[in-house]
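Read through the structure below, which is laid out as structure tokens, and then see the notes.
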Amino acid sequence: MPSSRLSSRNSLVNYLQKDGLGISSRLGAMNANSIQSNITQRSNAAKLQSSSSLLQQQTQLLGEKVDQGSGTITSTTSSVVEKFNETMKNLRNSSGALNDYYLRSMKEIALTNKKALSEIGITVGADGSLALDKEKLESVEGEKVKALLGSEGVFVKRVGIVASRVADNAKASMESASSRYNSSGNLTNSYLSKYNYRG
């Protein structure tokens with residue numbers, strides 16, 4: 001190997017060794033930030049998928065119970081309200097244009113039906129969150145409840161559809177974050193290998 005080329009390589013190695021942080025440290029810091037970001041994204045997506053999947057399940061169950069007129073629906077309605085609020089909270093904590101869209105959609109569904117929901121004991125807050133008055137719900141006649149909470153009710157049907165899409169998107173986000181997390185170490189090693197001058 002020509003001495004000039006060897007000298008050039010040695011000079012680069014010496015520079016990297018003398019550099020304050022060093023290329024290895026810099027890439028390590030970048031990699032750590034990337035890994036932490038992916039962990040946070042995966043955690044938020046997992047919470048979102050869980051709450052939205054349960055919301056979808058509970059809206060379906062509530063619709064079936066209301067349609068059949070089978071016993072009390074108070075407990076299931078309470079679960080829908082709880083998972084609705086939890087899903088909205090998780091959407092706020094998640095990034096992405098689709099999550100922003102789904103958050104606006106859920107808020108719009110609640111606010112659009114605010115008056116009708118209040119008549120059956122479900123109060124809608126300014127932020128779209130829900131609160132249930134169980135005693136009032138139990139005192140309302142069936143047809144009014146069915147119009148909102150039946151399987152074809154304007155509230156339950158729309159919430160169920162949005163919840164399903166939120167869950168699918170959250171699952172995709174989890175898979176994407178996992179893929180990036182698994183490749184982070186390989187990415188750093190790939191960069192470092194470019195500066196491995198031996199022989």
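The values are calculated or read from the model by the stated rules, or taken from the named source; none is laboratory data. The shown structure was predicted, so the numbers you read here are calculated from the model rather than taken from an experiment. Positions of Cβ are generated from backbone atoms using ideal geometry, with glycine treated the same way; all protein chains shown enter the neighbour counts.
Whether any residue in region 120-133 is under 15 Å from F84 (Cα atoms), in a helix (DSSP H, G or I) and free of Cβ contacts under 8 Å to residues at least 24 places away in the same chain is what I want to check.
Initially, region 120-133 is screened for residues under 15 Å from F84 (Cα atoms), giving 122-132.
Retained after the next criterion (residues that are in a helix (DSSP H, G or I)): none.
There is no residue in region 120-133 that is under 15 Å from F84 (Cα atoms), in a helix (DSSP H, G or I) and free of Cβ contacts under 8 Å to residues at least 24 places away in the same chain.
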| message | For region 61-119, give me each residue that is touching a residue at least 60 places away in the same chain (Cβ under 8 Å), of a type outside the set (A, V, I, L, M, F, W, C) and over 29 Å from T40 (Cα atoms). | response | G63, E64, D67, G69, T72, T74, T77
| Does region 123-139 include one or more residues that are modelled with pLDDT of 95 or more, under 21 Å from S51 (Cα atoms) and of a type in the set (S, T, N, Q)? | yes
| query | Which of the residues spanning region 134-153 are surrounded by fewer than 16 Cβ atoms within 10 Å (Cβ to Cβ) and not in a helix (DSSP H, G or I)? | reply | V140, E141, E152
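I'm trying to understand the selection: among the residues of region 47-72, which are among the aliphatic types (A, V, I, L, M) and crowded, with 22+ Cβ neighbours inside 10 Å? Give the steps one after another, and end with the answer.
Here is the first cut: in region 47-72, the residues among the aliphatic types (A, V, I, L, M) are 48, 54-55, 61-62, 66.
Across region 47-72, the qualifying residues are L48, L55, L62, V66.
Is it fair to say T87 is touching a strand residue (DSSP E or B) at 6+ places or on another chain (Cβ under 8 Å) and in a helix (DSSP H, G or I)? Before you say what the answer is, go through the steps one by one.
Working: touching a strand residue (DSSP E or B) at 6+ places or on another chain (Cβ under 8 Å): no; in a helix (DSSP H, G or I): yes.
It is false that T87 is touching a strand residue (DSSP E or B) at 6+ places or on another chain (Cβ under 8 Å) and in a helix (DSSP H, G or I).
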| task | Assess whether N44 counts as being part of a helix (DSSP H, G or I), in contact with a Ser or Thr (Cβ under 6 Å, 6 or more places away or on another chain) and at pLDDT below 95. | result | yes
